[in-house]
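Everything on this sheet refers to the single structure shown next.
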Amino acid sequence: MGTPLFAVPPLQVLHNSTHHVIGVVTQPDRPVGRGQKVSPSPVKLAALEYYIPILQPEKLRNNLEFLQDLRELAPDIIVVAAYGKILPPAILELPRFGCLNIHASLLPRHRGAAPITAALLQGDTETGVTIMVMDAGMDTGPMLAKRALAIGAATTSDELSQRLAQLGGPLLLECLIPWANRAMTAEPQDHTRATYAPLVKKSDGLIRWQLSPEELARSWRAYYPWPGLYTYHHDRLLKVQQLAVGEPSTKGAPGEVLAVTHAGLVVQCGQGTAVLQQVQPAGGRIMSGDDYARGAHLEPGQILAPPPAMTGVAG
């Protein structure tokens, strides 16, 4: 059970192993991209390539038809990797050896929907994957194995997701036979050490200039490529495609452009400045900060901020 690119490498590993993948459950085809073309999930595309039966229920809870389909498949184990919905008890209890989740953090840190984003926002220097026996809670089940990974200083969410995806499949394979043979003991999580990673929203990408330069740099990495970091200039959305930590400063108001340089737009934020090296106006191309300033008549003293009606949208 999985949906995004993160879940494809584990499916590939399972397919190429001695285990028999009898079915794939993934989210229904959805509109994606600027053109909103209805497209299959990455996991569905992989399953089609491998000729694996595919199920795409709109909902899991109280879906008797889907539950019957699962019962007919009679899985020994259900593997879950970023499926995108909470599994009800009827599904958790169906396979002989339970449901195993490939979670993209070192549990109990960063339980929830967006552990990769949370690790980058918090400035973690290490993360990893955990193989967990699922229970009715949100990533609260006992753990079978962990594998750690260092986070580079410039690593983005997209890059980290790809690296973690490559860890999950091999680690899962190490667990399957021992777990089925009752030769592996699941370790309970220390719930007192749990942190949570809520679902990322589009509005999370709106820059809050009160943050420190270091926090803004972490936000840019965490929200790349989606939802992306963005602000507004003259009520027009301006995406930030590259950002660097600038020099200490308390000269201006939060969001005030202090200078336009070859390095980019120098903007006042909390306890310092951020340099917007590359930006992209709505509907336009990616360009350097100084190129944008020349074309959009952006000068020092102007404020980058959302229209008054949008103030507070990022929470």
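General observations
- Spin-label model distance (nm) - residue 64 vs residue 174, 7 Å beyond Cα toward Cβ: 4.5 nm
- Around residue 146: net Lys/Arg minus Asp/Glu count, Cβ-Cβ under 12 Å: -1
- Percent carbon-and-sulfur accessible area, the stretch 197-315, ignoring ligands, DNA and RNA, probe 1.4 Å: 55 percent
- Dipole of the stretch 1-87, positive end: most advanced residue of 87, 67, 20 [Cβ charges, Cα centre]: 87
- Remark: spin-label model distance residue 202-residue 235 equals 1.9 nm, labels positioned 7 Å along the Cα→Cβ axis.
- Spatially close Lys pairs in the chain, defined by Cα atoms under 18 Å apart and a spacing of eight or more places or different chains, total 6.
- Between residue 185 and residue 150, the modelled labels are 3.3 nm apart [label points 7 Å from Cα along Cα→Cβ].
- Once the Cα-Cα distance is subtracted from the 0.36 nm per residue extended length, the residue 55 to residue 166 segment shows a gain of 37.5 nm.
- Acute angle (nearest 10 degrees) that the helix 64-73 long axis makes with the longest principal axis of the chain, alpha-carbon atoms: 60 degrees
- Total charge dipole magnitude, the chain, about the Cα centre, Cβ charges on Lys, Arg, Asp, Glu only, Debye to nearest 20: 300 debye
- Ranked by the mean number of other Cβ atoms within 10 Å per residue, highest first, peptides 138-146, 270-278, 54-62 order as 270-278, 138-146, 54-62.
- Local electrostatic count at residue 223 - Lys and Arg +1, Asp and Glu -1, tallied over other residues with Cβ under 11 Å: +3
- Accessible area per residue in Å² at 1.4 Å probe, computed on the stretch 79-198: 44 Å²
- Portion, in percent, of the accessible area of the stretch 52-108 that falls on carbon or sulfur, probe 1.4 Å: 50 percent
- Multiplying the residue separation of residue 262 and residue 195 by 0.36 nm and removing their Cα-Cα distance gives an extension gain of 20.0 nm.
- In this structure the amide hydrogen of residue 238, modeled in the peptide plane, comes within under 5 Å of the amide hydrogens of 231, 232, 233, none closer than 5 places in sequence on its chain.
- Taking the 1.4 Å solvent-accessible surface of the stretch 144-183 as the whole, the part contributed by carbon and sulfur is 53%.
- Helix 213-222 vs. the chain, principal-axis angle (Cα, 0 to 90°, nearest 10): 40 degrees
- Using alpha-carbon coordinates, inclination of helix 157-180 to the longest axis of the chain, degrees: 20 degrees
- Percent of Cα pairs exceeding the 32 Å cut-off, where the set is the chain: 38 percent
The values are calculated or read from the model by the stated rules, or taken from the named source; none is laboratory data. In this text the structure is predicted, and so the values were computed from the model without any measurement. Quick reminder, even Gly has a Cβ in these numbers, built from the backbone with ideal geometry, and neighbours come from all protein chains shown. Just so you know, the surface numbers come from the protein's heavy atoms only, side chains and all, with ligands and any DNA or RNA stripped out. Shrake-Rupley method; radii C 1.70, N 1.55, O 1.52, S 1.80 Å.
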